[in-house]
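Undergrad: The following block contains the structure, expressed as structure tokens.
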Amino acid sequence: MLDKTYRPGDVEAKHYTAWEDSGAFAAQVDSNAVPYTIMMPPANVTGSLHVGHALTFTIQDILIRYHRMKGRDALWQPGTDHAGIATQMVVERGLAEEGIHRRDLGRDAFLEKVWEWKAHSGGTICRQLRRLGASPDWPRERFTMDEGLSAAVRKVFVDLYKQKLIYRDKRLVNWDPKLHTAISDLEVIQKEINGHLWHFRYPIEGEADRYIVVATTRPETMLGDTAVAVHPEDSRYQDLIGKNVVLPLVGRKIPIVGDDYADPETGSGAVKITPAHDFNDFEVGRRHGLEMVNIFDENAHLNDDVPEKYRGLERYAARKQVVADLEAAGLVAAIEDHTHMVPHGDRSQVAIEPWLTDQWYVDAETLARPAIEAVETGRTKFVPERWSNTYFEWMRNIQPWCISRQIWWGHQIPAWYGPDGTCFVEYDEAAAQAAADAHYGKTVELTQDNDVLDTWFSSALWPFSTLGWPEDTKELARYYPGDVLVTGFDIIFFWVARMMMMGIHFMGEVPFKTVYIHGLVRDAQGQKMSKSKGNVMDPLEIVDRYSCDALRFTLAALSIPAGQDVKLAESRIEGYRNFTTKLWNAARFCEMNGVARDAAFDPHGAKEPVNRWMISATTLLAREMDQAFAEYRFNDAANGLYHFIWHSFCDWYLEFAKPIFAGEAEAPKAETRATMGWVLGQLLHLLAPIMPFITEELWSQFSLPGEGPLLTASWPELDDGLIDREATEEMSWVVDLISQVRAVRSEMNVPAGAQLPLILKDASPVVRDRAQKHQSLIARLARVDGLTFDDGKPAAGSVQALVGETTLVLPLAEAIDVDKERQRLQKELDAVAKDKEKLTKKLANEQFLAKAPPAVVEEQRSRLGEADQRAEKLSAALSRLTAA
RNA sequence: GGGCGUAUAGCUCAGCGGGAGAGCGCUCGCUUCACACGCGAGAGGUCGUUGGUUCAAUCCCAGCUACGCCCACCA
């Protein structure tokens, strides 16, 4: 017996445990089934579940559950990412509370702390994922710093190094002065800052009272200037090119060079050049062989290469001092307010400093070439397609990828240095030692590179490292490449592009055939959710309040194929919670009326139109689901199910069944019960990928012995023989009739309980037959007692309406408001007349007749015919009304 | 500076070269024996703007306006 109300909390826990314990989430490596693979984006170990995760994992779980039911060997590979900087920051913060700095512990002891932290607080997200109903192959869970995955990282590094696709270089990097590490271009975010533009006068050497004016947003960097650039053809400065200026405050003589970089239109046309602290200036410096004066230490404090009074100053303090000193010297020409973009570290949120250091780089340009080609040729497709443009744009302009980080938590770079600095890049220390010994001809002491790799380096290998690469495993052969990667657009560059590069390079094939890009989840007003705005919705709270199924269904219903952002409104979730209740009660209705699934029931053999109609509609719904899932149209799938279950199944079919079950109708109860059981069973299957819990619970009540859980059930494959146009047309007519009667009753304020007689005028034999056959259904649903046929003039006080070619006449017991009735009919007539006019005009247009497809012309003709008929009948009804 | 997206009912959004849709909200009526998280009936839109293509445009194309996002080294 089903409880009166659905209790999602108990049900969710019960079924999830049963599913997981049964091992049914597991991929079947040895089966004959065609594999279906989704690589779960490894969540940060530091993370906890937010609604963005809920969206992406729900979509993946829907796809996995659907394909599992379709008979595919589904592998959903779960895992977590070590999230280098993020995790290190979390642990450092914890240590700071105890007054400890990681330096105090030393590298090994610190890393031990991180592993300890990971053991007890890491991976929260995987536990939370279970509350979402996610069904990945948990025993295959991987971590990017597992032994196996670390081995993959070392092999990739060594191979790329030997192929000269990884190299070490000294160049400007984005230096984070707070975290004391280099970061990649992608980890830099631009922030608009209200600052100033300072115009300084630099004295020309040997020419008293002659100056060149340069402007800067960063006065402190002038201490590192090693040139002033002007455009080579700038007429104002022709005589100055080749001369020197005396750098104020420093006294260094620096050249004035001609370089295209200087834009004559901007400012004075002259620009100061600080090659060690600006990416553009670095290039100018290279072109002119300029000196690089590095003026900062790792904290972005001034170092000893600046005049003594500035040494040790923090960069913004130095800025003030430099400006003050230049002002005192009368060298400030102007100060303007100036808004500009300043690069910041995405983790530390401090302004990054271009800084000259040795770092490791991946030759991304070379790796990108085949990855671009793979998308161009369609071996990997983006859905929606437009995201491939974003991918191309970035990949075609890709810069060397800085992969070394000056932190401790991560994969330490497999490079060892000999006493003279010779670098040995090898798979492990023993190999490096052997190489070094051979190189030096004796045993030497090696020191490993201190740096670790960018977290995304290991994530890039995820599609094959998790399957056992570089070992030649069965999994690798079977599940690579994956079918679809599901993710948000925000990590196309960070992750998708890099998986493409690494996958193609090391596996010889793309890592996934489709990339489905969904939107970001925002609040109901479209605002980004953030703690500071206080508009964050916790998915687990939603699950507690509305049920997991309601959340999943909402996310599916909001996932439109165009991949727009998802605005999550609580009212929507509430509505879909109501939907689960509706389904629950429908199932209770079935149970109360002796509806059961019957293994012997063959839907092809159903006789009653009402049953054949529902079987047909269910078949069409199943087709619709297949199409929706194939095209990643989750909203269509959700809306189709919602509308069918609520409106077709509950509003009409269950209502039609009431008189049948009550014995008022001729239709056999047995066939209707069996059909209803069959339909309910199909619906539970179709709904299961999106709403796994309530469907499993209901299935446990309606499944037959030996059928097993819905989780592993087979997806409905319904043949064309079940589609029944005749029954559909017949029942649609009955539905229309009932709707018309209800509308008239409502508009004429007929008391809800009152029974009315119904007369059909001008009914064809077919219509008469239908009306008689379904009399009891009409009686019950439209509250009609007594159906007669009479083509004569309706009695006074009758109300009329149209259903197809037939006029309904409802004699009302009390005197009707004739004016009101006239208005009602006139309104309808006006609408029809308007329609008629449009169609007539169209059909009178020779161009239309000549050029439009015949089918369209025919359709318009038949519509005009119908409109004519309706207009005629309505006019007749109106004149009868006036006459009476 | 480049690129992308969006503009349809009060709100949130689907849709589509030939008859304007959903959910929520709103109005009216219902203790109808599965469900008030419900049932029934309604009201409500010149589909942002201007032009073009077409027999036909809410839909395709171009411009404009507004909003949002991404990328970018301009002093």
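Undergrad: Relative contact order for chain A: what is it in percent, counting Cα pairs under 8 Å that are at least 6 residues apart?
TA: In percent, rounded to a whole number, it is 12.
Undergrad: On a C-alpha basis, how far is the centre of region A:53-80 from the centre of region A:770-846 in Å? Whole number, if you could?
TA: 52
Undergrad: Something else about it: If you scale each eigenvalue of the Cα gyration tensor by 5 and take the root, what three semi-axes come out for chain A, rounded to whole angstrom and sorted largest first?
TA: One finds semi-axes of 71, 37, 24 Å for chain A.
Undergrad: Between A:Glu385 and A:Tyr316, what FRET efficiency comes out of the Förster formula 1/(1 + (r/R0)^6) with R0 = 51 Å and r the beta carbon distance, rounded to 0.05?
TA: 0.65
Undergrad: Turning to a different aspect of this structure: Which parts of region A:241-264 would a label at A:Ser235 reach, counting a residue when its backbone N lies under 16 Å from a point 7 Å out along Cα-to-Cβ?
TA: Label zone hits: A:264.
Undergrad: Looking at region A:580-655, which trypsin sites (Lys or Arg not before Pro) are DSSP coil and have at most 14 other C-beta atoms within 10 Å of their C-beta?
TA: Those satisfying the criteria are A:Lys607.
Undergrad: Would you give the gap between the C-alpha center of region A:292-320 and the C-alpha center of region A:223-263, rounded to a whole Å?
TA: Spelled out, the Cα-based centre of one part sits 23 Å from the other.
Undergrad: Rounded to whole Å and sorted largest first, list the principal axis extents of the Cα atoms in region A:1-53.
TA: 42, 36, 17
Undergrad: May I ask for log10 I(q)/I(0) of region A:273-362 at q = 0.20 Å⁻¹, from a Debye sum over the Cα atoms as equal point scatterers with solvent left out?
TA: Result of the Debye calculation: -1.28.
Undergrad: Counting other Cβ atoms within 10 Å, keep those with at most 13, restrict to DSSP loop, and tell me which GluC sites (Glu not before Pro) in region A:179-214 are left.
TA: A:Glu207
Undergrad: Give me the distance in nm between label points sitting 7 Å out from Cα along the Cα-to-Cβ direction at A:Glu116 and A:Glu872, one decimal.
TA: 9.3
Undergrad: Let me ask something else about it. Can you work out D for region A:680-775 in µm² s⁻¹ from Stokes-Einstein, where Rh is the Kirkwood radius over C-alpha pairs, the temperature is 37 °C and the viscosity is 0.692 mPa s?
TA: 188
Undergrad: Please list the radius of gyration and Dmax for region A:821-884, considering alpha-carbon atoms only, with Å as the unit.
TA: Reported Rg and Dmax, both Å: 14.5, 48.
Undergrad: Take the Cα of A:Ala670, step 7 Å along the line toward its Cβ, and report every residue of region A:604-625 whose backbone nitrogen sits under 15 Å from that point.
TA: Answer for region A:604-625: A:605-608.
Undergrad: Measure off, as a whole percent, the carbon and sulfur share of the 1.4 Å-probe accessible area of region A:447-550, all protein chains present.
TA: Solvent-exposed carbon and sulfur of region A:447-550 make up 47 percent of the total.
Undergrad: Between A:Asp104 and A:Leu540, what length in nm is gained on full extension when 0.36 nm per residue of separation is reduced by their alpha carbon distance?
TA: Separation in residues times 0.36 nm, less the Cα-Cα distance, equals 153.1 nm.
Undergrad: While we're here: Write out the GluC sites (Glu not before Pro) in region A:19-104 meeting two conditions: DSSP loop, and at most 10 other Cβ atoms within 10 Å of their Cβ.
TA: The qualifying sites are A:Glu98.
Undergrad: Could I ask something else about it? Classify region A:465-528 as rounded, prolate or oblate, taking a ≥ b ≥ c as the square roots of the eigenvalues of its Cα gyration tensor: rounded when a/c is under 1.5, otherwise prolate if a/b is larger than b/c and oblate if not.
TA: Here region A:465-528 falls in the prolate category.
Undergrad: Another question, if that's okay. Which lysines, if any, have their Cα less than 24 Å from the Cα of A:Lys272, not counting same-chain residues under 8 positions apart?
TA: Excluding near neighbours in sequence, the set is A:Lys170, A:Lys191, A:Lys243, A:Lys253, A:Lys309, A:Lys320.
Undergrad: Tally up the carbon and sulfur contribution to the accessible surface of region A:61-111 as a whole percent, 1.4 Å probe, everything protein left in place.
TA: 48
Undergrad: Cα-based Rg (one decimal) and Dmax (whole number) for region A:211-340, in Å?
TA: 14.2, 42
Undergrad: Determine the per residue accessible area of chain A with all protein chains present and a 1.4 angstrom probe, expressed in square angstrom.
TA: Per-residue accessible area for chain A comes out at 43 Å².
Undergrad: Which of the residue pairs A:Lys842/A:Lys873; A:Lys513/A:Lys567; A:Lys70/A:Lys567; A:Lys14/A:Lys113; A:Lys14/A:Lys474 have a Cα-Cα distance greater than 27 Å in the structure shown?
TA: Going by Cα-Cα distance, A:Lys513/A:Lys567; A:Lys70/A:Lys567; A:Lys14/A:Lys113; A:Lys14/A:Lys474 fall outside the 27 Å limit.
Undergrad: In whole angstrom, how long is each semi-axis of the equivalent ellipsoid of region A:764-854, when you take the square root of 5 times every eigenvalue of its Cα gyration tensor and sort them from largest down?
TA: Taking √(5λ) for each Cα gyration eigenvalue gives 34, 20, 11 Å.
Undergrad: Just how far, in whole angstrom, is region A:640-691 from region A:114-192 if you go by their alpha carbon centroids?
TA: Rounded to whole Å, the Cα centres lie 51 Å apart.
Undergrad: Starting from one equal scatterer on each C-alpha and no solvent at all, send me the Debye-based log10 I(q)/I(0) for region A:88-233 at q = 0.10, 0.15 Å⁻¹, two decimals.
TA: Log10 of I(q)/I(0), two decimals: -0.73, -1.14.
Undergrad: State, to one decimal in nm, how far the label point of A:Asp305 lies from the label point of A:Lys4, with both points 7 Å from Cα in the Cβ direction.
TA: 8.1
Undergrad: Taking the simple approach of a point 7 Å from Cα along Cα-to-Cβ for both A:Ala329 and A:Asp21, what is their distance in nm?
TA: 8.0
Undergrad: Another question about this same structure. Would you mind getting me the FRET efficiency between A:Lys820 and A:Gln701? Use the beta-carbon distance for r and R0 = 41 Å, nearest 0.05.
TA: For A:Lys820 and A:Gln701, the calculated efficiency is 0.25.
Undergrad: With r defined as the distance between the Cβ atoms of A:Asp169 and A:Ala96 and R0 fixed at 30 Å, what FRET efficiency is calculated, to the nearest 0.05?
TA: Step by step, r from the Cβ atoms, then E = 0.30.
Undergrad: May I ask you to give the percent of accessible area on region A:756-816 that is carbon plus sulfur, with a probe radius of 1.4 Å?
TA: 51
Undergrad: When DSSP assigns beta bridges and you keep just the ones with both residues in chain A, what percent turn out antiparallel, to the nearest 5?
TA: Roughly 70 percent of the DSSP beta bridges within chain A come out antiparallel.
The values are calculated or read from the model by the stated rules, or taken from the named source; none is laboratory data. Since we're looking at a predicted model, the values are computed, not measured. Reconstructed Cβ throughout: ideal geometry from the backbone, glycine too, with neighbour counts over all protein chains shown. Keep in mind that these areas ignore ligands, DNA and RNA; they rest on the heavy atoms of the full protein, side chains included. Shrake-Rupley method; radii C 1.70, N 1.55, O 1.52, S 1.80 Å.
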